[in-house]
Every structure is written in structure tokens, then in C-alpha cells.
Protein chains: 2
Amino acid sequence: MNGRSKHLPADERRAATVEAVVDLAAEQNPSDITTTAIAQRMGLTQGALFRHFPSKDAILQAVMSWVTERLLARVDKAAEEAASPATALEAVFMTHIDFVSEHPGVPRMLFGELQRPGETLPKRMAQTLIRHYGERLRGLLEAGKARGELHVDLDPDAAATLFIGTIQGLVMQSMLAGDVARIRADAPGVFAIYLRGIGAAS
Amino acid sequence: MNGRSKHLPADERRAATVEAVVDLAAEQNPSDITTTAIAQRMGLTQGALFRHFPSKDAILQAVMSWVTERLLARVDKAAEEAASPATALEAVFMTHIDFVSEHPGVPRMLFGELQRPGETLPKRMAQTLIRHYGERLRGLLEAGKARGELHVDLDPDAAATLFIGTIQGLVMQSMLAGDVARIRADAPGVFAIYLRGIGAAS
DNA sequence: CGAAAGAAAGTAATCTATTACTATCTATCC
DNA sequence: GGATAGATAGTAATAGATTACTTTCTTTCG
């Protein structure tokens, strides 16, 4: 843990690389992030990155792993601690909002990866992440229906799509205003409408 | 209208260029669209594009003009023909869904333009488009509240954000499935939840 | 013919990735 | 415990591909 050390172990550099990419994605179009920009933010030369990653796609792959672990872990924990499906949905939402407030580049990267043509590994990881996320949502929505907390006629697939869209809309609004803080500020009002939509509000 | 003619007038080429970009945006990341790809789709050489546009940004600017005119015109017409604010909202939504079903690349381009750093002209056009769209939505939502069609406590800003997020969520879901038709198929179910959320459903 | 439209080729900049070499860390041996 | 060898991490330079844009020449069409 020497602050003066210039050579860091590989795993620490890999973690620092992922953070650099996540930070850069908050400031610019993720698909425009160059290896030079990543290295510059880390205080390294561009070529040094390829000591730790075989390719740029391998870097993006590491970022997707990072996002999957962190986001799903936090979201699952929030859901487990909730007393009922309806409160779990709210906890998941707020946890997710916290996450994208801390890392505004993440939803942009996910959206961007989905747009890539072909079948790259980072793209597949983004797809499976969102699919798993959707499955958790549908599970909570079904449970809420079974408990009578949500509307009987509720379509869980549509409700899960709208849940994700709710966050996406907040992200878009924050980009319009150029103000990340708006995500958290506007979240409660938007989610209140969603709650009423699925029948959870009195 | 000679099919054999090889030299088209400038305005027709400009229109064809815009369509080529919109089509390409449906298949790949909009920020990865190259002038070579645009020209190839039009059956031209890359350099020929610059006979009609001074720069690539000028092409994107023309695309944004095209989107603004078409989308707002269709949406305004749908709203005018509706009997009440609540039915107008539904008409606007379905019209918008029809538009993005025909041109799935458009929401991607708008989202992508918002992410660009700096202050480019295409980015500003995307911002103003979405702002104007939001103003129309807030107008309808306010009118609906005044008529008692929508919930008294409804926050029009939050409802407008969620309206846009609803569409964004459908676009994301269609990218996940790799199936554009899902946008239109899933739209009614998702919008039904939104309607209940703003208090328009009985 | 003359002007507009396009082809073909070229340019400068930028991107990922590789190479040859150097600096730093760490484990081992006497 | 200090010198040292081997492994790891980093730099600088550059290759090769791709980008937006230009230039020169040719074709098309009224």
C-alpha cells in the first residue's frame, strides 16, 4: 500500500481500469471512449493497458462483469430486506436510482452495448444482465399479485418493461438538463405514478 | 422520376441521404455510422456525399430536422383530432409508437445525440425537439387535470418524464429481443399501466 | 456546351494493438 | 540481511486500419 509505488499489481490495475471506464462513460458517449482516454485518466500510457487486457473488448467485458455483480447484489439485498413484494419493488427502484446516480455512465453503456451489431461478448453480458433483472422484477410483481397488493389484472411483463422504462426516462431527463442530480430528485414523483399504475397506491 | 437516371437533383439526394442514415441507425449504433456506410447504402462513393453536405454534422443536422418535422407534425395532428386531453394522450402515444416502429433508429439517434460532449448543432436540435415534445405533453396533462380526467394530485412534470420513459422502455425491450415488432405489440399493455398511473383509467 | 453530379484517388488525423526496451517489485540464496 | 535473478509493470515508438474530408478528373443531362 505504498502511495509512491509506480507499479501496481495486475488485479488492482484491472479494477482501476473498470472504474476509469465507468467514470468516462458518465461524461461522454460510451462508444467514443478510446484506450488513450482510459489510460490518460489512470495516469498511464495507452500501451500499458494491453499488459492487463488482451483487447479493448476485454476491458468492456470486465466493466459488464463489474456492473452485473454490483447492481444485482445491491438490488437483491434491497429486495430481501423488504417486508412485502410492493415495498420490495420500491426498495429495488430506489437502490437502482442510487446506483445510476453514483454511476450515470452505466445505463448509457448498457443501452450502447445493446445497439452493437453482431454478437460480441460484452453485448451478450448486457443482455443477460437485463434479462436477469427483468426476471427478478416479474417475480416480485407476481408475488405482489398473489398477495393482493397489486392489481389483479396486472400484466407482469408490461409492468417490468415500464419499471425499466421509468429509470430510462429519468436518465434521459437528466441528460437533457445536463444535471445528474435530477435523477434522484425526480425519482420519487415518477415512481409514485408507477406505483399507482400497478395498483399499489391506496 | 427516371429510374435509369444516375444523377439526381441535389434536394432529392439530400432527402435520400437522411433516409439512409435513419435506416442505418435502426441496425447499428448511430454514432458508429460512417460516411462510407451512408454512401454505400445509397449506391454512391463516399466522397460524393460531400457534394451535397459540407460536413458529416450537417448530415446529422438534416436528420434532426427531418425527425422534428415528421414526429411533431404527426403527434400534433393526433392530439388535435382527439376529443379530450386523456384520449389525446393515448393518440399521441400510439402515434409515437407507430413512428418509432417505422423508424427504430430515431430514438437511438436522439439518445445518442444527447450523450455527445460539447455543444454541437445536432445535439441542440435533439434537445429542443424533446423539450418541445415535453411541453406538449405537460399541456395535455394540465388540461386533463383541469377537466377532472386525470388525478388531482398528478405531477405533470413527472408524468411527462414517465411518458417518454414508457416509450424508451419499449425501445429497450425490443433491442433486447432483437425484434422491432415487439414495440407495437407490447405498447398497449404498458400504456394501460401508465394510464392507470395518471388516474385516467376507470 | 456548360453546369451539376459523381468516381477515383489521396491526405491528415485518429484508433487499436504490437514491439523493443526499461523500471520496479519480489522471492531466493548465501 | 543484503545482493541478485526472474517476473511483472510500464514507456515510447510505431504499424496498420479506418475516419472525415479534399482534390482532380470524368460523366450525365438540360
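Every read-out reported here was derived from the displayed coordinates using simple, explicitly stated rules and does not represent laboratory data. Remember, predicted model here, so these are calculated numbers, not experimental data. So basically every Cβ, Gly included, is an ideal-geometry build from the backbone, and we count neighbours across all protein chains shown.
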The protein assembly as shown - Rg (one decimal) and Dmax (whole number), Cα, Å:
22.5, 75
Which residue in chain A puts its Cβ closest to the axis that rotates chain A onto chain B, and at what distance in whole Å?
A:197, 2
Put a point 7 Å out from Cα along the line to Cβ at residue B:119; what are the distances to that point in the other copies, in nm, shortest first?
4.7
Inter-part distance where the stretch B:9-88 and the stretch A:12-39 are each reduced to a Cα centre, Å:
31
If you fit an axis through the alpha-carbon atoms of helix B:10-25 and take the longest principal axis of the Cα set of chain B, what angle between them do you get, 0 to 90°, nearest 10?
60
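Sorted from fewest to most neighbouring beta carbons within 10 Å, what does the list B:96, B:7, A:132 look like?
On the way: B:96 22, B:7 5, A:132 14.
Lowest count first: B:7, A:132, B:96.
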Assume the label is 7 Å from Cα along Cα to beta carbon: what separations in nm does residue A:55 have to the matching positions in the other copies?
3.4
In the neighborhood of residue A:195, defined by Cβ-to-Cβ distances under 11 Å, what is the net charge if each Lys or Arg adds +1 and each Asp or Glu adds -1?
0
Does anyone have the angle between helix A:156-177 and the longest principal axis of chain A? Alpha-carbon axes, 0 to 90°, nearest 10?
50
Every other copy gets compared here: list the nm distances from the residue A:72 label point (7 Å along Cα to Cβ) to its counterparts, shortest first, one decimal.
4.4
Here, residue B:177 and residue A:32, labelled 7 Å along Cα→Cβ, have an inter-label distance in nm of 3.3
Measuring from label point to label point, each 7 Å out along Cα→Cβ, what is the residue B:46 to residue A:14 span in nm?
3.7
For chain A, longest principal axis from Cα atoms; helix A:85-102 axis from its Cα atoms; angle between them, nearest 10 degrees, is 30
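Please identify the GluC sites (Glu not before Pro) of the stretch B:85-181 that satisfy two criteria: DSSP loop assignment and at most 10 other Cβ atoms within 10 Å. Which are they?
Sparse-neighbourhood loop GluC sites (Glu not before Pro): B:119.
Dipole magnitude of the stretch A:55-198 about its Cα centre, charges +1 at Lys/Arg Cβ and -1 at Asp/Glu Cβ only, in debye to the nearest 20?
300
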Projecting each Cα onto the charge dipole of chain B (Lys/Arg +1, Asp/Glu -1 at the beta carbon, about the Cα centre), which of B:126, B:53, B:24 comes out farthest on the positive side?
B:53
If the label point is 7 Å along Cα→Cβ of residue A:184, which residues in the stretch A:60-98 have backbone nitrogen under 20 Å from it?
A:70-79, A:90-98
Between the DSSP loop rule and a limit of at most 13 other Cβ atoms within 10 Å, which chymotrypsin sites (Phe, Trp or Tyr not before Pro) in the stretch A:63-115 are left?
none
Tell me the label-point distance for the pair residue A:157, residue A:73, using the 7 Å Cα-to-Cβ offset, in nm and rounded to one decimal.
3.4
How do A:35, B:120 line up, fewest other C-beta atoms within 10 Å first?
B:120, A:35
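Where does each of A:153, A:57 land when they are ranked from fewest to most other beta-carbon atoms within 10 angstrom?
Values: A:153 9, A:57 14.
Lowest count first: A:153, A:57.
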